[in-house]
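Chemist: Here it is, the structure in full.
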Amino acid sequence: MNIQHPRPTVATPNDLDAYWMPFTANRAFKSKPRMLAGAKDMHYFTTDGRSILDGAAGMWCSNAGHNRDSIVDAIQKQAATIDYAPPFQFGHPKAFELASRVAALAPKGLEHVFFCNSGSEAVDTALKVALAYHNGRGEAGRTRLIGRERGYHGVGFGGISVGGMVNNRKMFGTLLTGVDHLPTTYDREKIAFTKGEPEWGAHLADELERIVGIHGPGTVAAVIVEPMAGSTGVIVTPKGYLERLRAICDKHGILLIFDEVITGYGRLGYAFAAERYGVLPDMITFAKGITNGAVPMGGVLIRDDIYDSFMKGPEHVVELFHGYTYSAHPLACAAGLATLDVYREEGLFERARALEPKWADAVMALRSEPNVVDIRTVGITAGIDLAPNKDGPGKRGFEALDSAFHDNDLMIRVAGDTLCLTPPLIVSESQVGEIMDKVAKVIRAVA
């Protein structure tokens, strides 16, 4: 076992009030902070010097573990060479190098990369490209966007509109108009305690035909789905589902977008889940693992003929009026190139595939713990559903998050009462056992 010794304590600020924390119960956190001061490989280190085993890869980001020397070195060297380059009308070499490397890892046909800074921006970029593509082809009536119930596509207005997580939507009014949603593929009665892709559920893709029939095929621009819906609690794609979506989209001239912000870069054992499932989408959004979480970056992989359709008209005219001040930021590009080197040199995608069966067996061993009502696994991910307690949905999950950190030196993620496990892909078999031992203690503690 890789023993991490406690680190020296680090002063915690006296005043925590000014920072409004995202997706956080601010009052609860500030009364009992979960404060991090350092990280290395499989562990975080707290301000009071404890070592925390990372069962969440930070936030699905740090697939190669934390503070990898080669990535840190690349960022430092880049900062000392060129700190910023404007992405509008100017370029720098690493942007083009990284785009080529990303495209080379993608399924054949997705040869062009548009860089941004997050998964949320990647989703909004893909949706805008879809709308602009149809407009440019003389089908400006194709404005409808289709998401899925319990889907998560970031927090831009486009992303929350096509997203299907109620709490992410209900505070913000009507959002984008002309949006519809496929049903979720999760039914506990049909697929509880499934390892990998469920046998049941492919037929739910046929709901797209019903939606298209209601609105008319000439009104639908794009469908966006996650190959594995992570933020809602690890919902795994049924066998054959994505193939059926692809066929229906082809039939009606609709673009298919895979949101691979979580599944990209090894989480399901491949560079992209599209490769695992053998389905070629028209666009893939990515972020998180592209830089191992070290510098913010996101992007969209785009099919050749979509890109080519914009490359018309006078050469001096901007083809797509879209972009971000920090698109292809030099530090992010340096981090991305170094991260892809680590993935390749250490064979982390292949390692994840080899570890998947053992990971699944280890997680499923928790099914006999109190209040466990379902477990789902795919790749190096797992969702463990706990029954709500008497205080209502979400309270048991929050208590589990707190117990894991404060009492069991473990970081997990929670979605309501679902415990989400997504460790870095460098996790050893002994650390898998350590994670499960700690999770078992957490589940018992909140029983």
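The values are calculated or read from the model by the stated rules, or taken from the named source; none is laboratory data. Just so you know, these numbers come straight off a predicted model, no measurement behind them. A quick note on method: Cβ atoms are made from the backbone with ideal geometry, for glycine too, and the neighbour counts reach across all protein chains shown. Side chains included, ligands, DNA and RNA excluded: accessible areas come from the protein's heavy atoms. Shrake-Rupley method; radii C 1.70, N 1.55, O 1.52, S 1.80 Å.
Chemist: Of the conditions (1) basic (Lys, Arg); (2) touching a Cys at 6+ places or on another chain (Cβ under 8 Å); (3) open to solvent by less than 10 Å² (accessible area, probe 1.4 Å), residue 288 satisfies every one except a single condition; which number is it?
Modeler: Checking residue 288 against (1) basic (Lys, Arg); (2) touching a Cys at 6+ places or on another chain (Cβ under 8 Å); (3) open to solvent by less than 10 Å² (accessible area, probe 1.4 Å), the one that fails is (3).
Per-residue answers, yes or no, for (1) without any contact (Cβ under 8 Å) to a residue 60 or more places away in the chain; (2) open to solvent by less than 20 Å² (accessible area, probe 1.4 Å):
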{"site": "268", "(1), (2)": "no, yes"}
{"site": "275", "(1), (2)": "no, no"}
{"site": "278", "(1), (2)": "yes, no"}
{"site": "292", "(1), (2)": "no, yes"}
{"site": "300", "(1), (2)": "no, yes"}
{"site": "304", "(1), (2)": "no, no"}
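Chemist: Output the helices (runs of 4 or more DSSP H) that fall wholly within the range 274-371 and possess 3 or more residues being of a type outside the set (D, E, K, R) and closer than 24 Å to residue 59 by Cβ, or say none.
Modeler: Details: elements: 304-310, 330-345, 348-364.
In the range 274-371, the matching helices (runs of 4 or more DSSP H) lie at 330-345, 348-364.
Chemist: Follow-up. Within the range 153-185, which residues are among the polar types (S, T, N, Q) and open to solvent by less than 40 Å² (accessible area, probe 1.4 Å)?
Modeler: Within the range 153-185, 161, 168, 184, 185 qualify.
Chemist: Test of understanding: among 150, 188, which residue is touching a residue at least 60 places away in the same chain (Cβ under 8 Å), surrounded by fewer than 23 Cβ atoms within 10 Å (Cβ to Cβ), within 16 Å of the chain's Cα centre (by Cα) and farther than 20 Å from residue 282 by Cβ?
Modeler: Numbers: 188 fails: within 16 Å of the chain's Cα centre (by Cα).
Checking each option against the conditions leaves just 150.
Chemist: If you check residue 83 against the conditions, is it of a type in the set (D, E, K, R), within 30 Å of residue 410 (Cα to Cα) and open to solvent by 50 Å² or more (accessible area, probe 1.4 Å)?
Modeler: Taking the combined requirement at face value, the residue does not satisfy it.
Chemist: If you check 75, 52, 71, which single one turns out to be open to solvent by 10 Å² or more (accessible area, probe 1.4 Å) and either of a type outside the set (D, E, K, R) or over 22 Å from the mean Cα position of the chain (by Cα) (or both)?
Modeler: Step by step, each of 75, 52, 71 is checked, and only 75 is open to solvent by 10 Å² or more (accessible area, probe 1.4 Å) and either of a type outside the set (D, E, K, R) or over 22 Å from the mean Cα position of the chain (by Cα) (or both).
Chemist: So if I check each of 172, 115, which one is within 17 Å of the chain's Cα centre (by Cα), among the aromatic types (Phe, Trp, Tyr) and more than 23 Å from residue 246 (Cα to Cα)?
Modeler: 115
Chemist: Looking at (1) modelled with pLDDT under 95; (2) open to solvent by less than 30 Å² (accessible area, probe 1.4 Å), which is the only condition residue 110 fails?
Modeler: Exception for residue 110: condition (1).
Chemist: To continue, here is another question. When the residues of the range 306-319 are narrowed to those that are among the aliphatic types (A, V, I, L, M) and surrounded by fewer than 15 Cβ atoms within 10 Å (Cβ to Cβ), which ends up nearest to residue 274 (Cα to Cα)?
Modeler: Filtering the range 306-319 for residues that are among the aliphatic types (A, V, I, L, M) and surrounded by fewer than 15 Cβ atoms within 10 Å (Cβ to Cβ), the one nearest to residue 274 (Cα to Cα) comes out as 311.
Chemist: Tell me whether the range 250-259 contains one or more residues that are of a type outside the set (Val, Ile, Thr) and either in a loop (DSSP other than H, G, I, E, B) or touching a Lys or Arg at 6+ places or on another chain (Cβ under 7 Å) (or both).
Modeler: Checking the range 250-259: at least one residue is of a type outside the set (Val, Ile, Thr) and either in a loop (DSSP other than H, G, I, E, B) or touching a Lys or Arg at 6+ places or on another chain (Cβ under 7 Å) (or both).
Chemist: If the requirement is being open to solvent by 10 Å² or more (accessible area, probe 1.4 Å) and touching a residue at least 60 places away in the same chain (Cβ under 8 Å), which of these qualifies: 220, 225, 261?
Modeler: Unique residue meeting the criteria: 261.
Chemist: Now for a separate question. Going residue by residue through the range 401-409, is there one that turns out to be assigned to a loop (DSSP other than H, G, I, E, B) and among the hydrophobic types (A, V, I, L, M, F, W, C)? Talk me through it step by step, then tell me what you get.
Modeler: Initial filter on the range 401-409 (assigned to a loop (DSSP other than H, G, I, E, B)): 409.
Those left that are additionally among the hydrophobic types (A, V, I, L, M, F, W, C): none.
Scanning the range 401-409 turns up no residue that is assigned to a loop (DSSP other than H, G, I, E, B) and among the hydrophobic types (A, V, I, L, M, F, W, C).
Chemist: For the list (1) within 15 Å of residue 281 (Cβ to Cβ); (2) open to solvent by less than 10 Å² (accessible area, probe 1.4 Å), I need the number of the one condition that residue 133 fails.
Modeler: Every condition holds for residue 133 apart from (2).
Chemist: Where residues in the range 365-408 are on the phi > 0 side of the Ramachandran plot and over 24 Å from the mean Cα position of the chain (by Cα), which of them is most open to solvent (accessible area, probe 1.4 Å)?
Modeler: In this case the residue turns out to be 371.
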